[in-house]
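Reviewing the structure listed below.
No lab work stands behind these numbers, since they all come straight from the coordinates. Model, not experiment: these values are computed from the prediction. FYI the Cβ positions are ideal-geometry reconstructions off the backbone, even for glycines, and counts take in every protein chain you see.
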Amino acid sequence: MSLDTNSRNGMQRFQTIMHLGMGCFYLVVGMLVLFVKYFGTMELSSGLAYTLGTLMIIYGLFRVWRGIAALKSGRRAR
């Protein structure tokens, strides 16, 4: 394997880990926005809080799905 192949495999592994990590982060923050607004301790309007929380959860699910798809397709280094 050349140095270029090793560096590419390392970058793909890093991107897969970032997809999974950031996806989990967005899921947690989206749920926090929804639950904190539900308990009334946030200064956002209800519509904005629900929209923002829902969009963050959807984006988090997309990032997790993308990371899992990358793992299944074998794009990461073995």
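Annotations for the structure displayed:
- Based on Cα contacts under 8 Å between residues 6+ apart, segment 3-73 shows a relative contact order of 46 percent.
- Gain in span if fully extended, V29 to K72, counting 0.36 nm per residue against the direct Cα distance: 12.8 nm
- Rough spin-label spacing in nm, given labels placed 7 Å along Cα→Cβ, for T54 and R8: 4.2
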